[in-house]
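The values are calculated or read from the model by the stated rules, or taken from the named source; none is laboratory data. Predicted, not measured: the structure shown is a model, and the values here were computed from it. Positions of Cβ are generated from backbone atoms using ideal geometry, with glycine treated the same way; all protein chains shown enter the neighbour counts.
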There are 2 protein chains.
Amino acid sequence: MFVQKEQLFIEFQKIDWEDKGGGVRRKVMAYGDQLMAVYAEFKRGAVGALHHHPHLQITYIESGSLTVHIGAETKMLRAGDFYYISADVIHGVEAHEDSVLIDFFTPMREDFIPAT
Amino acid sequence: MFVQKEQLFIEFQKIDWEDKGGGVRRKVMAYGDQLMAVYAEFKRGAVGALHHHPHLQITYIESGSLTVHIGAETKMLRAGDFYYISADVIHGVEAHEDSVLIDFFTPMREDFIPAT
């Protein structure tokens, strides 16, 4: 099942995984026009290639550890840490162990919603 | 230490707790004008009293279990689940065990920033 727009309560087990390849899979867990939450698993060694988007992003590292690149800065972060990405800033990650990231975007990412 | 506005990398251990009383404490972990992330601990039995605010909110339940009230709806949720609160909708929680919530707000909450 895919989450509905502005769904109030979203149970993890009821949302289907989307396999993105390369050891990455995700669930879009909640969204409205102005905010979207995405649960993403990165297997050890998985890479989130450098990219950018006009959406402001904050990520919570739920578990694991990663090297995080944001613009010209690079830092190793661990479970419990957060990172902040302004609109259109290039960023990427490399997972040093199995890791879970909770990504929040404002506004929501239309490209993460299946075509209907 | 309090997190700086638009700080890129935020390590959990470097941010101070704010004790809110009643078994609740929090750390504001990241923010810019349009988005704020808050890490909140609720001890077993702690209550987030019914309230509302103009900020859209999505919460990730990192651990524990809670009864969540949103408008006229009530649901018991557990670690891994999310909930979505539209602007100005009344909401509250009761923690059934020690729980951690990761709250995201858009726009950011000025009332969560210490006066300078």
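Residues in the stretch B:96-110 that are more than 8 Å from chain A (Cβ to nearest Cβ) and surrounded by 23 or more Cβ atoms within 10 Å (Cβ to Cβ): B:99, B:101, B:105.
Being of a type in the set (A, V, I, L, M) and within 14 Å of chain B (Cβ to nearest Cβ) is the filter here; which residues of the stretch A:74-95 pass it?
Residues satisfying the conditions are A:76, A:77, A:79, A:85, A:87, A:89, A:90, A:93.
Does residue B:93 meet the test of being buried (at least 21 other Cβ atoms within 10 Å of the Cβ) and either in contact (Cβ under 8 Å) with a residue 12 or more places away in the chain or assigned to a strand (DSSP E or B) (or both)? Yes; evaluated as a whole, the condition is true for this residue. Among residues belonging to the stretch A:34-73 that are touching an Asp or Glu at 6+ places or on another chain (Cβ under 8 Å) and polar (S, T, N, Q), point out the one that is surrounded by the most Cβ atoms within 10 Å (Cβ to Cβ). Applying the filter and picking the extreme gives A:59.
In the stretch A:15-22 there is at least one residue that is at negative phi and surrounded by 19 or more Cβ atoms within 10 Å (Cβ to Cβ). Counted as qualifying within the stretch B:1-68 are the strands (runs of 3 or more DSSP E) with 2 or more residues that are at pLDDT 95 or above, more than 12 Å from the chain's Cα centre (by Cα) and not polar (S, T, N, Q), namely B:18-21, B:24-32, B:47-51.
Scanning for something among the polar types (S, T, N, Q), more than 8 Å from chain B (Cβ to nearest Cβ) and in contact with a Phe, Trp or Tyr (Cβ under 9 Å, 6 or more places away or on another chain), does the stretch A:61-73 turn up at least one residue? There is no residue in the stretch A:61-73 that is among the polar types (S, T, N, Q), more than 8 Å from chain B (Cβ to nearest Cβ) and in contact with a Phe, Trp or Tyr (Cβ under 9 Å, 6 or more places away or on another chain). The residues of the stretch A:69-87 that are out of contact with any Leu (no Cβ under 7 Å at 6 or more places or on another chain) and either more than 30 Å from residue A:8 (Cα to Cα) or not in a strand (DSSP E or B) (or both), listed by number, are A:71, A:72, A:74, A:75, A:76, A:79, A:80, A:81. Each residue in the stretch B:36-75 was checked for being touching a residue at least 12 places away in the same chain (Cβ under 8 Å) and over 19 Å from residue A:61 (Cβ atoms), and 23 of them qualify.
Within the stretch B:22-35, residues that are at the interface with chain A (Cβ under 9 Å from one of its Cβ atoms) and over 17 Å from residue A:35 (Cα atoms) have Cβ atoms under 7 Å from residues that are among the β-branched types (Val, Ile, Thr) and assigned to a strand (DSSP E or B) in these pairs: B:29/B:10; B:29/B:38, counting only partners at least 6 apart in sequence or on another chain.
Count of the stretch B:74-90 residues, restricted to those that are surrounded by fewer than 19 Cβ atoms within 10 Å (Cβ to Cβ) and of a type outside the set (Asp, Glu), is 9.
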